[in-house]
Amino acid sequence: METEQQQRESINTSIPQSALALEGVDTNLPKLPPASEPKSQWQQISRQVSQFLEKLPDYLGSFFQDYKQPLITVALILAAIVTAKLVLALLDAINDIPLLSPLFELVGIGYASWFIFRYLLKASTRQELADEIQSLKNQFVGE
């Protein structure tokens, strides 16, 4: 019987080297050199862009942490503007409905008349209104 070493040698000589590499048999084939850096300008630019896009969530997170309060303020201002435009568009649409516009005008005139009669004609009711406004202001300001 042949020894195990002799069997390997006979297999190595009968099978081509490329087949041995595929079967996982260790051969002393030279290793390929590592891939070199991209040489074209487009490859370098695409590499820089991909590196920037990898770090973009970190950039955005740190930007939001640094400018959190101003960003929230700008968002609230934009939301107020959008809300005002929507309310005005809704009121304009309601105003186009026949007989609804004069009805709203009558309700407004009636409420203004009641408010003047209730709070502005007498000095005591004017003082009551001023106290109510002051208490509301204190609730909002926190005094």
Between the range 91-135 and the range 47-83, how many Å separate their Cα centres?
43
Go through the range 108-114 residue by residue and turn each phi into a ³J(HN,Hα) via Karplus (6.51, -1.76, 1.60, θ = phi - 60°); whole Hz please, and just put x for glycine and proline.
x, 5, x, 5, 4, 5, 4
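Which chymotrypsin sites (Phe, Trp or Tyr not before Pro) in the range 45-99 sit in a loop by DSSP (not H, G, I, E or B) and have at most 15 other Cβ atoms within 10 Å of their own Cβ?
On the way: sites: F52, Y59, F63, F64, Y67; in loops: Y67.
Taking the range 45-99 and a limit of 15 other Cβ atoms within 10 Å, the loop chymotrypsin sites (Phe, Trp or Tyr not before Pro) found are Y67.
Provide the gained length on full extension for the span A112 to L53, in nm with one decimal, where the gain is 0.36 nm per separating residue minus the Cα-Cα distance.
Details: separation 59, 0.36 × 59 = 21.24 nm, distance 5.96 nm.
Full-extension gain reported as 15.3 nm.
Checking the a/c ratio against 1.5 first, then a/b against b/c, what shape does the Cα gyration tensor give for the range 68-124?
Working: a/c = 8.50, a/b = 1.44, b/c = 5.90.
Note, shape of the range 68-124 comes out oblate.
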Through the Karplus equation 6.51 cos²θ - 1.76 cosθ + 1.60, θ set to phi - 60°, convert the phi angles of the range 52-64 into ³J(HN,Hα) values in whole Hz; use x for Gly and Pro.
5, 5, 5, 8, 4, x, 5, 4, 5, x, 5, 4, 5
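Using DSSP to call loops (not H, G, I, E or B), can you name the trypsin sites (Lys or Arg not before Pro) in the range 32-101 whose Cβ has at most 15 other Cβ atoms within 10 angstrom?
Values: sites: K39, R47, K55, K68, K85; in loops: K39.
Filter output for the range 32-101: K39.
FYI, it's all coordinate maths here, none of it is from the lab. The structure presented is a predicted model; accordingly, all values stated were derived computationally and were not measured. So basically every Cβ, Gly included, is an ideal-geometry build from the backbone, and we count neighbours across all protein chains shown.
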